[in-house]
Amino acid sequence: MKKSTTGLLLGSALVIGLSGCATDFQRGGERSGGGATTASSDRAWYQQPLVCGIAGGLIGGGIGYATSGSSDEDAGTATGAVAGSAIGALLCADRTPEPEPVAEPAPTPAPEPAPVTEFETVTLDSEVTFAFDSAEIRPEAHRTLDEVATTLRENPDLRVRIEGHTDSIGSAQYNQDLSQRRADSVRDFLVSRGIEERRMTTRGFGEENPVATNETDAGRQQNRRVEIVNWD
């Protein structure tokens, strides 16, 4: 058999044999839990630079020598060594797939703020709440005021403003004083039901803020009132 044919067969056998050996060794390493890698690197033994350089040089040199003529054996060997380095580089190439990018976790949405409860205005008609020219609360008003106290107990953040109003009969100063005393009476009643006084404020407006005409009995009755409103 000619030298060229022998060299080609030798080179091919080295390539196939080394590749097959590497594949088998890699599979064995995978089966044994990765024991085929070196202590100083995560790459397999056959992918170490020294091993790949020797293998590439042997393969390239063998092919170059076998395919050269008798007069240019040295040149053929050198050319084969260059080719062998390329083959060694292929053997050393890291074919480990790139890791899949890890998606950033979606930011946790901020919790919805708790809804703010507002106190719904309660209007107490003085014909039910107070006797004429009196700041003493009638029993007929207790049920409504007990409901107000329950609302305030169930909503400890609520605060209320208690406002007294009168009609225009009498002097403005007298009406202002009467409206203030009536507002204070409502506050004191709620305190007696366990509501903290600091959660309430009172003010008498007298005849300043009518909601109806003071020219009729029906209108004056609407103006004589106590309103419990939300205190911002």
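The values are calculated or read from the model by the stated rules, or taken from the named source; none is laboratory data. Model, not experiment: these values are computed from the prediction. In this analysis, Cβ positions are derived from the backbone assuming ideal geometry, glycine residues included, and neighbour counts consider all displayed protein chains.
Considering only residues of segment 120-134 that are assigned to a loop (DSSP other than H, G, I, E, B) and modelled with pLDDT under 90, which is nearest to ARG182 (Cα to Cα)? The extreme case among them is SER134. When the test is whether a residue is charged (D, E, K, R), out of contact with any strand residue (DSSP E or B) (no Cβ under 6 Å at 6 or more places or on another chain), in a loop (DSSP other than H, G, I, E, B) and in the same structural domain as HIS165 (by TED's automatic domain parsing), ASP146 does not pass it.
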